[in-house]
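Participant: The following block contains the structure, expressed as structure tokens.
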Amino acid sequence: MSGEATLDRRGFILRHTRLLPVPHAPEISLHVAEEATELWQKTEDELATIGLPPPFWAFAWAGGQALARYLLDHPETVRGKRVLDFASGSGLVAIAAAKAGAGHVEACDIDAFAAEAMALNAAANGVSLSVRLDDLVGCDGGWDVICAGDVCYERAMAESAIGWLSGLAVRGAEVLIGDPGRSYLPKDRLVELASYQVPVTRSLEDAEIKKSAVWRLA
């Protein structure tokens, strides 16, 4: 049995996080790290030897908070529709979509810890999600709305994700992107729908407030 197979992911999450309201969407609570650098180091110390990614699932990132706020304030965007939250992390945006009345919500990520966090957070908020541990780039599950928060922080990921999402937009899906203006955000291909001042973790973002927007991929 591999080291990864023996990990108690749920126990790790519960030991190293607290269930707290999301600053810009307090209708939702998440299991988040109170001390970002401490959990990051803990993850590296305990998990890096088996090649797992950093704990992106343990934080409410700026773009995700903006998207969650937008969906909660504009429930008609997802009401009764099939929604995918791509690279979901904590499941924040997926939970917001479910609370806003989406007909079916899928939340996907390639990190098994994120998948566990999504399940825990969905249960804590009394909503149902279909959690997928998968890289869905290149797939089309017939979704009506695809949400992607904070996916433009790295060139390769941004180019791959935006190329795939553009194809889904062409066939008629509504693609919503939440982002605080990261380096690889293709603004020339986006229409801004809303802008927010989002509280964030200074140790991660080098700021306490990040201006973050919700965009529609044209």
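The values are calculated or read from the model by the stated rules, or taken from the named source; none is laboratory data. This one's a predicted model, so the numbers in the text were calculated from it and none came from an experiment. Here Cβ is always computed from backbone atoms with ideal geometry, including for glycine, and neighbour counts include all displayed protein chains.
Participant: On the given criteria, is Ala169 closer than 27 Å to Glu38 by Cβ and aliphatic (A, V, I, L, M)? Spell out the reasoning first.
Facilitator: Working: closer than 27 Å to Glu38 by Cβ: no; aliphatic (A, V, I, L, M): yes.
For Ala169, the condition - closer than 27 Å to Glu38 by Cβ and aliphatic (A, V, I, L, M) - is not met.
Participant: Those residues that are within 16 Å of the chain's Cα centre (by Cα) and over 22 Å from Lys211 (Cβ atoms), I need them from the range 158-184; list them, please.
Facilitator: Scanning the range 158-184 gives a single hit, Leu165.
Participant: Another question, if that's okay. List the strands (runs of 3 or more DSSP E) that sit entirely inside the range 120-183 and contain at least 3 residues that are among the hydrophobic types (A, V, I, L, M, F, W, C), surrounded by 15 or more Cβ atoms within 10 Å (Cβ to Cβ) and modelled with pLDDT of 95 or more. Can you show your working first?
Facilitator: On the way: elements: 130-133, 145-149, 174-179.
The qualifying strands (runs of 3 or more DSSP E) are 145-149, 174-179.
Participant: Those residues that are within 21 Å of Arg132 (Cβ to Cβ) and part of a helix (DSSP H, G or I), I need them from the range 62-96; list them, please.
Facilitator: Answer for the range 62-96, where residues must be within 21 Å of Arg132 (Cβ to Cβ) and part of a helix (DSSP H, G or I): Gly63, Gly64, Leu67, Ala68, Leu71, Leu92, Val93, Ala94, Ile95, Ala96.
Participant: Of the residues that make up the range 204-216, is at least one more than 15 Å from the chain's Cα centre (by Cα) and either assigned to a helix (DSSP H, G or I) or hydroxyl-bearing (Ser, Thr, Tyr) (or both)?
Facilitator: yes
Participant: Continuing with the same structure: Pull out all pairs, ordered by first then second residue, where Cβ-Cβ is under 6 Å, the residues are six or more apart or on different chains, the first lies in the range 2-13 and is more than 13 Å from Ala58 (Cβ to Cβ) and outside any helix (DSSP H, G or I), and the second is modelled with pLDDT of 55 or more and hydrophobic (A, V, I, L, M, F, W, C).
Facilitator: Within 6 Å, the pairs are Gly3/Ile50.
Participant: Which pairs do you get when a residue that is among the hydroxyl-bearing types (Ser, Thr, Tyr), found in the range 158-187, comes within reach of a residue that is not in a strand (DSSP E or B), reach meaning Cβ atoms under 6 angstrom, with the pair 6+ apart or on two chains?
Facilitator: Qualifying pairs under 6 Å: Ser160/Val137; Tyr184/Cys152; Tyr184/Arg155; Tyr184/Ala158.
Participant: Sticking with this structure for a sec: In the range 190-204, how many residues are over 26 Å from Leu165 (Cα atoms) and either surrounded by 15 or more Cβ atoms within 10 Å (Cβ to Cβ) or among the acidic types (Asp, Glu) (or both)?
Facilitator: Of the residues in that region, 4 qualify.
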